[in-house]
Amino acid sequence: MTFLDSFYDEATYLANNPDVAVAVRDGAFPSGLEHFLGFGLAEGRESTRAFFHKGFYRNENPDVKAAIQNGAFQSGWQHYVLHGADEGRAPNNLADRLEEEFYLTTNPDVADAVAAGGFDSAFQHFFHHGFAEGRRGMPEVRHILVMMVDLIDAKASSLYTLEQLDEITFTDSRSVAEIFRRASFGNLIFRGDVVGPFAINSRAEDCVLNDIHEWARLADVQATASGIDLSSYQHRMYVLADQTLIRCVPRGLGSISGERTWIFDANDRRITCQELGHNLGMHHAGVDPNNDGVIDAVYGDMSDFMGGGSVGGMVNGAHVADMKWYNTWPGTRPIFSSGTYDIAAMSIAEPGDRLPIVLKIQGPLRWYYLSYRQRRNFDSHLPSKYTKGVSVHRTGGYRDSDTAWIKTLADGETFQDPVAGVTVTQLNHSAELVTVRVTGFPLKHLRTEWRV
Ligand SMILES: [Zn+2]
């Protein structure tokens with residue numbers, strides 16, 4: 001790495017400093033770099049955002065903070081470039097956010113670049129590029145507090161023991177945590193505790209759906225009173241008795257991008273997976289076979305536990321891609337030109353594989369996602385209609401954030417979007433991969449505000 005690679009990026013500098021961009025455009029400087037070296041550095045202007053965290057640097061280095069205050073330096077960045085880097089001062093806390101082995105495994109392009117000598121280490125890549133590119137440096141660990149909740153006339157404790165809930169949620173071979181670990185290719189690890197039962201002085205008979213919020217609040221109060229720090233959990237799960245005793249509720253509920261889930265059938269792990277999936281930001285997995293933008297059945301996608309998929313299954317290609325649950329590259333790959341492409345079977349893919357498992361094509365209703373599943377591993381119960389070839393999913397439609405399965409192709413079959421002008425033809429498939437031809441680029445009728 002040279003000084004310039006480390007501390008200067010022309011595009012970032014011009015974007016951060018519009019006055020310099022104007023000066024360069026008007027010919028006052030041949031490039032932003034001349035301005036940076038002549039003036040910008042002394043002025044403390046930021047020349048890259050990839051890895052320097054201003055607030056962190058000042059907080060970690062009180063001497064720098066004082067030097068800025070007394071005018072010896074214009075900015076922490078200036079100090080870092082001129083002195084801090086040589087002194088070995090950390091410009092950010094990224095070292096705490098990287099597990100090298102995980103990073104190299106889930107980013108095979110980085111592993112290749114390190115092996116070829118383009119980078120000294122995984123850390124060097126993460127530090128200068130990967131973090132800014134949104135790559136994950138380590139698995140995301142999220143904690144769930146599972147609370148068993150007894151109503152006066154509907155007791156969860158009459159249906160389950162704490163040990164059973166612990167096994168279902170965290171420890172057995174098809175636990176909810178294990179399903180997410182597999183569906184996320186090791187990117188998401190759920191841990192947590194099972195507590196209770198908490199007795200709520202409220203009756204299930206004559207309940208209304210809105211009561212669930214009060215039940216949750218009362219359970220939180222009891223958990224706190226028993227010494228539990230709720231703030232150390234990203235998810236609070238309330239396990240109550242089932243619908244035969246509590247008639248005002250569905251089998252499960254979860255707030256979208258929130259922290260609460262209510263489980264009224266803890267034995268059906270698909271329910272728990274779906275509600276936690278909602279907490280993570282996923283919506284339902286429906287179907288739209290005629291691709292008219294209207295989802296015909298909200299839970300119709302049986303290849304995804306956000307739809308009607310079976311216990312122990314995975315999620316569809318659209319969800320894997322949107323959750324960033326597979327190798328950053330080439331795991332999910334947007335395609336921009338006609339050609340022939342291989343897609344590895346998601347059901348047997350392992351982090352670090354060199355083939356993509358999802359291809360994305362920008363269609364008029366947002367994205368199309370191409371993926372391939374086989375009856376293997378956690379997909380062993382997948383209905384055969386999903387395993388004959390490449391599945392086409394879409395996001396967007398009248399329920400903006402749901403995914404929609406459109407069709408699964410057999411060899412020789414095509415999927416066409418005449419509005420975008422794109423055609424996908426399945427050429428052949430094996431147990432390991434499917435090969436498709438995609439034609440029609442450049443696509444028509446794309447909304448220009450869409451970006452990769
Ligand atoms: Zn749901």
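Scanning the stretch 325-360 for residues that are part of a strand (DSSP E or B), of a type outside the set (G, A, S), in contact with a Phe, Trp or Tyr (Cβ under 9 Å, 6 or more places away or on another chain) and closer than 29 Å to S380 by Cβ gives T332, R333, I343, V358, L359, K360. Each residue in the stretch 192-219 was checked for being without any contact (Cβ under 8 Å) to a residue 24 or more places away in the chain and either part of a helix (DSSP H, G or I) or surrounded by 13 or more Cβ atoms within 10 Å (Cβ to Cβ) (or both), and 4 of them qualify. Considered as a group, the residues in the stretch 220-238 that are buried (at least 16 other Cβ atoms within 10 Å of the Cβ) and assigned to a helix (DSSP H, G or I) include one that is nearest to the ligand (Cβ to nearest atom), and that residue is D220.
Filtering G339, G258, G277 for residues that are within 12 Å of the ligand (Cβ to nearest atom), out of contact with any Ser or Thr (no Cβ under 7 Å at 6 or more places or on another chain) and not basic (K, R) leaves a single hit, G277. Taken together, the criteria exclude S303 from residues that are part of a loop (DSSP other than H, G, I, E, B), away from the ligand (no atom under 13 Å from the Cβ) and either surrounded by fewer than 23 Cβ atoms within 10 Å (Cβ to Cβ) or aliphatic (A, V, I, L, M) (or both).
Listed by first and then second residue, the pairs with beta-carbon distance under 9 Å, at least 6 apart or on different chains, first residue in the stretch 145-174 and farther than 22 Å from Y233 by Cα and in the same structural domain as A204 (by TED's automatic domain parsing), second of a type in the set (D, E) and part of a strand (DSSP E or B), are S157/D150; S158/D150. Say whether the condition of being outside the structural domain of P330 (by TED's automatic domain parsing), of a type in the set (S, T, Y) and closer than 30 Å to Y326 by Cα is met by at least one residue in the stretch 47-58. Looking for residues that are outside the structural domain of P330 (by TED's automatic domain parsing), of a type in the set (S, T, Y) and closer than 30 Å to Y326 by Cα, one finds at least one in the stretch 47-58, hence yes. When the stretch 280-299 is filtered for residues that are away from the ligand (no atom under 13 Å from the Cβ) and either in a loop (DSSP other than H, G, I, E, B) or of a type in the set (D, E, K, R) (or both), the ones remaining, listed by number, are D288, P289, N290, N291, D292, G293, V294, I295, D296.
I'd like the residue in the stretch 331-380 that is of a type in the set (V, I, T) and more than 18 Å from N107 (Cα to Cα) and, out of all such residues, is surrounded by the fewest Cβ atoms within 10 Å (Cβ to Cβ). Within the stretch 331-380, the match that is surrounded by the fewest Cβ atoms within 10 Å (Cβ to Cβ) is T340.
If Q426 satisfies every condition in (1) among the polar types (S, T, N, Q); (2) without any contact (Cβ under 8 Å) to a residue 60 or more places away in the chain; (3) surrounded by fewer than 17 Cβ atoms within 10 Å (Cβ to Cβ) but one, which is the exception? Unmet condition: (3). Among the numbered conditions (1) crowded, with 20+ Cβ neighbours inside 10 Å; (2) in the same structural domain as A241 (by TED's automatic domain parsing); (3) more than 14 Å from the ligand (Cβ to nearest atom), the only one that N267 does not meet is (1).
When the test is whether a residue is among the charged types (D, E, K, R) and without any contact (Cβ under 8 Å) to a residue 24 or more places away in the chain, D229 passes it.
Can you name the residue in the stretch 239-255 that is part of a loop (DSSP other than H, G, I, E, B) and within 13 Å of the ligand (Cβ to nearest atom) and is also nearest to the chain's Cα centre (by Cα) among such residues? Checking each candidate, the answer is S255. Look at F51 and say whether it is crowded, with 16+ Cβ neighbours inside 10 Å, at pLDDT below 85 and part of a loop (DSSP other than H, G, I, E, B). Here the answer is yes, as F51 does meet what is asked.
The values are calculated or read from the model by the stated rules, or taken from the named source; none is laboratory data. Source: prediction; values computed, not measured. Don't worry about glycine lacking a Cβ; one is built from the backbone with ideal geometry, like all the others, and counts go over all protein chains shown.
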